[in-house]
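To start, the structure under review is shown below, and the notes come after it.
Throughout, read-outs are computed from the coordinates displayed, never taken from laboratory work. As the structure is a prediction and not an experimental result, all values here were calculated from the model. Please note: Cβ atoms are built from the backbone with ideal geometry, for glycine as well, and neighbour counts cover all protein chains shown.
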Amino acid sequence: MPQTIRPAAVAGLFYPDDPRTLRTQVAQYLAQVGARAAPPKTTPKIVLVPHAGYVYSGPVAAHAYAALANAAGRIRRVVLLGPTHRVAVRSIAAPTVDAFATPLGTVRLDRAAIDALADLPQVVAHDAAHAGEHALEVQLPFLQAVLGEFTLVPLAVGHVAPGAVAQVIERLWGGDETLIVISSDLSHYLPYARAQAVDRSTVQRILALDDDLDHDEACGATPLAGALRVAKRHGLAPRLLDLRNSGDTAGDRARVVGYVAVAFEPRADTAGDATDAEGEADDATLGVALTRRARNAIADTFGLPTAAEPHHAALAQPGATFVTLHRAGELRGCIGSLEPYRPLEHDVRANALAAAFRDPRFAPVAVHEVASLEIEVSLIGAAQPLPVRDEADAHQRLRPHVDGVILEWRGRRATFLPQVWEQLERPQDFLRALKRKAGLTPDFWAADLRLHRYEVRKFKETRETTFA
């Protein structure tokens, strides 16, 4: 099946359409930055870059891309978000094509990552929003020059809530292999001195991770606000790289457009954890990291305040969690994963949302309930087969208050976490209830019934992780 490609729409307008000229121009912008800047010590996780024609914003954008100088080969995926200028959408528009083209070649899309967003209501397939859009396209030649080969997740952000953008970024967060690029200019068409004052004020709020921005201050205010929320959760430190406007680069000063480059990097006290997958903080730190992310995922759905989230190296590794919600001592939802098929960071957020809103036993959590939820996250260990001769043997071999159990029989499957032993202390009662959960009768047994057991590390939200 032939590849479908979105052709370059603004080559020859916003940047040169001749490959040699384009490559030379980008190299010159990067070289000008490199001649003045020290080599980057860390690789940004998020960069904020402008998207005007290169003659206007190219020198500013180059500061952000120069900060990626040592990342070629390590960054293998770029999640690129920017505003829509030509087609109004009330969603986040994802393309259906296989690649985007520039004069420097084609960039393959990460179709699996894009398709994995399909269950989010704010994300829709919308090629028209991308067809003539420049905000994303103008970033590609810089990325091609700096990173070489990478895959792309391009998302054109329309009229959606910042929390909806944050949810998408979180799902695509990944590890060191993923870079988030936010495309936005600042103020538009103000006199030079006025633009300087307005843009300085906007940038101060960006550096404070304040996501209360409007579109007069930044045309990409919505994707930027979503990114700022996520940067705050992950404890990233913003670093101003350049702030100028078109009056400083190539235009007159009567009506200017503002441009900024910002890198969002791991803080010095967490940078080692971010790059050391083997390093492991203590259980208390991991517990706060997990329970806070679970609560933030639920709170963010309602636009409620969220809290800073401590980093932990384990979050970037595959992990499986169950998120359990109680309210006033009563179960309010419990959903989870038994196998680690996605980064722990993504798994705990997804299961928190599922426990709050998609547990079929309960009505979805309402906004007035969020503050009183009691949150518990169970980190699931690897399941091991538990071969038994019969049910009596199973009763002997099960370890109350230690074993989580998976029961399988001819397509039926159910599990109980070890916490269930608190209500069902006898192995006989535990197994009978588990069989009922699987849709079997309590006294059922068969030679081909299979049991697996696993252990969990259980983390309850402490008072310090909740919100006023």
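General remarks:
- If you take the Cα centroid of the stretch 78-121 and the Cα centroid of the stretch 278-342, the two points sit 28 Å apart.
- In terms of the mean number of neighbouring beta-carbon atoms within 10 Å, the peptides 249-262, 324-337 order highest first as 249-262, 324-337.
- Prolate/oblate/rounded label for the stretch 384-457 (Cα gyration tensor, a/c 1.5): rounded
- Helix 192-207 vs. the chain, principal-axis angle (Cα, 0 to 90°, nearest 10): 20
- Rounded to 5, the percent of DSSP beta bridges in the chain classed as antiparallel: 70
- Dipole magnitude of the stretch 71-208, debye to nearest 20 (Cβ charges: Lys/Arg +1, Asp/Glu -1, about Cα centre): 360
- Peptide packing for 187-194, 221-228 was compared via the average number of neighbouring C-beta atoms within 10 Å per residue; ordered from the highest value, the list is 221-228, 187-194.
- Principal axis dimensions, the stretch 5-272 - Cα atoms, whole angstrom, descending: 46, 41, 40
- For T321, the residues 5 or more places off, or on other chains, whose built amide H falls under 5 Å of its own are S337, I380.
- Amide H contacts of A8 (H built 1.01 Å from N, under 5 Å, at least 5 apart or other chain): A101
- Cα gyration tensor shape of the chain, rounded if a/c is under 1.5, else prolate or oblate by comparing a/b with b/c: prolate
- Share, in percent, of DSSP beta bridges within the stretch 5-272 that are antiparallel, nearest 5: 45
- Folded to 0 to 90 degrees: helix 162-171 orientation relative to the chain principal axis, Cα: 70
- Dipole of the chain [Lys/Arg +1, Asp/Glu -1 at C-beta], most positive-end residue of I180, L440, Q419: L440
- Integer Hz, Karplus 6.51/-1.76/1.60 couplings in order for the stretch 121-136, x for Gly and Pro: x, 7, 9, 10, 6, 7, 5, 4, 5, 9, 4, x, 6, 8, 4, 8
- Remark: the stretch 49-58, residue by residue, has Karplus-estimated 3J(HN,Hα) of 9, x, 9, 7, x, 4, 4, 8, 9, x Hz, where x stands for each Gly or Pro and the curve is 6.51 cos²θ - 1.76 cosθ + 1.60 at θ = phi - 60°.
- Counted by Cβ distance under 10 Å from A101, the other residues give a net charge of 0, where Lys and Arg count +1 and Asp and Glu count -1.
- Taking the helices alone, the chain has a mean residue ellipticity at 222 nm of -9500 deg cm²/dmol, built from -39,500 (n - 2.57) per DSSP H run of at least 4 residues and averaged over all its residues.
- 3J(HN,Hα) from dihedral phi, the stretch 172-178, Karplus parametrisation 6.51/-1.76/1.60, rounded to Hz, x for glycine, proline: 9, 4, x, x, 5, 7, 10
- Inter-site label distance for A328 and A116 at 7 Å from Cα along Cβ, in nm: 3.9
- Per-peptide average of other Cβ atoms within 10 Å, ordering 361-371, 170-180, 208-218 highest first: 170-180, 208-218, 361-371
- Two-site FRET efficiency, A193 against D283, from Cβ-Cβ distance with R₀ of 41 Å, rounded to 0.05: 0.15
- Efficiency of FRET between A72 and E374 - r from beta-carbon atoms, R0 60 angstrom, step 0.05: 0.85
- Only the Cβ atoms of Lys and Arg (+1) and of Asp and Glu (-1) were treated as charged; on that basis the dipole of the chain about its Cα centre amounts to roughly 300 debye.
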